[in-house]
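Okay, structure first, notes after.
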Amino acid sequence: MALFDLKSLNSALDELQTERGISRDSVIDALATALAAAYRREYGKRGQIIRATFNPETGEMEFRQAKIVVDDTLVRKEDEEATNGEDHRSRFNPEQHIMIEDARRIKRDAQLDEEISFPLETREDFGRIAAQAAKQVIMQKVREAERASIIEEYGEREGEIVTGHVQRFERGNLFIDLGRATAILPYDEQIPGERYRQGERVRALLLRVDEGVRGTFIRLSRSHPRFLTKLFETEVPEMANGIVEVKGIVREPGSRAKIAVFSHDEHVDPVGALVGQRGVRVAVVTSELGGEKIDVVEWSETAADYVKESLKPAQVLQIELNEEEGRATVMVAEDQQSLAIGRGGQNVRLAARLTGWKIDIRSMAGEQISGTEAGGVTKEVQPTDVEDISAEESAFEETKKEMGDDDEAADEGVSNEDAQPQDRDIKDEKVDGEQEGDTKDGEVDVDDKVIAASQTQEESSNE
């Protein structure tokens, strides 16, 4: 009676190879190891080394006992005791070892540590305990083969974007089903503020594959700067072709990011390539990151230009570099200072991380950007001297005093010959206002009508 149903066995082998990526040879080796363990458990002797072979096409099995070729330098006799603590030779076991003299009678060119096998009687009926042991061996070997397959497949994809579905939540960590394996998205690798639902589709960066005692762990990340780079590569063909290169990237996940790019082709604008027509490309990446703002700046070999670009969208007027301290002092207009610093210092903080320079933002008092011309930005310089301001205030007080004297003269009916034309205009406006307040001839004021009506009503009631 055949021990295996060959049709079902081959079907299972094909299924394991298709769904789990485990090769047929790996499963057949696991099956042979399981048969050897069952044979040793049921019919073997203690210490025996049993080897088994299995043919999945015919179902034939073959069992052999293996012995290792040794000599006196590797083992000591059964009745020989260890001479001292430094004697590391193992005790001779006739079920495991064969002396080199005996081995060369069987095989002339036998060498030390070589295995020589002897055929054993074939058995097909195994007990329940032996079958259980064989099952455990098969499951262990299949798990090891599956683990090796996962490491081989996903290990080559480190640094790439993978797509999966949310499987479950556990202590803030997110478990993602990738199909053949389950990956973990740790809490510290998630974008702050993002919320996920079970079954939701998730894209993330495959950070690394860790092999531990409990199995293989695939670690994902959505907060890593490289995730932003890979998202742009999928949207920007110029980056995928190597024309546009990312020189630096910094992120505060979920809030803001800065990416410095450089073009190897002078006819290709690196910033425009990433932004896209009407901002379509950068909008797709921003949407994937949950609304994270992205500043795309052009990389420059000149440190001053690079620092100036990194502070965009703020406009820089002047920059001074201290290479010894690695510090850059940036001058901006007063209305650009808050924009250069950013909310909570975010803009200047990201610019410092991107360029590697310590950046100080200072405003140029009294200078403001009034507009741009063909020659550049024009600046209007307002007077900031204290003496000039005091002189203006004194002149203003004298003008007010003169205006007050003219008003008093107009009320008394005295004409002021020294009054300025603008003072006469003010006096005329006052006179016009008084005339508008008086009642014109032939017209009765509304208040007089009300008083007359009330007096008539009182007289009628007295009568």
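None of the figures in this text is laboratory data; all of them are computed from the coordinates on show. No experiment lies behind these values; they were computed from the predicted model shown. Heads up, the Cβs are rebuilt from the backbone with ideal geometry, glycines too, and the neighbour counts pull from every protein chain shown.
By the count of neighbouring beta-carbon atoms within 10 Å, fewest first, His264, His97, His88 end up ordered His88, His264, His97. If a/c stays under 1.5 just call it rounded; otherwise compare a/b with b/c (prolate if a/b is bigger, oblate if not). Do that for segment 125-234, with a ≥ b ≥ c from the square roots of the Cα gyration tensor eigenvalues. In terms of gyration-tensor shape, prolate. For segment 157-221, the gyration tensor built on C-alpha atoms gives a rounded shape. Its axis ratio a/c (a ≥ b ≥ c) stays under 1.5.
The loop-placed trypsin sites (Lys or Arg not before Pro) in segment 114-148, going by DSSP, that have at most 15 neighbouring Cβ atoms within 10 Å of their Cβ come out as Arg123.
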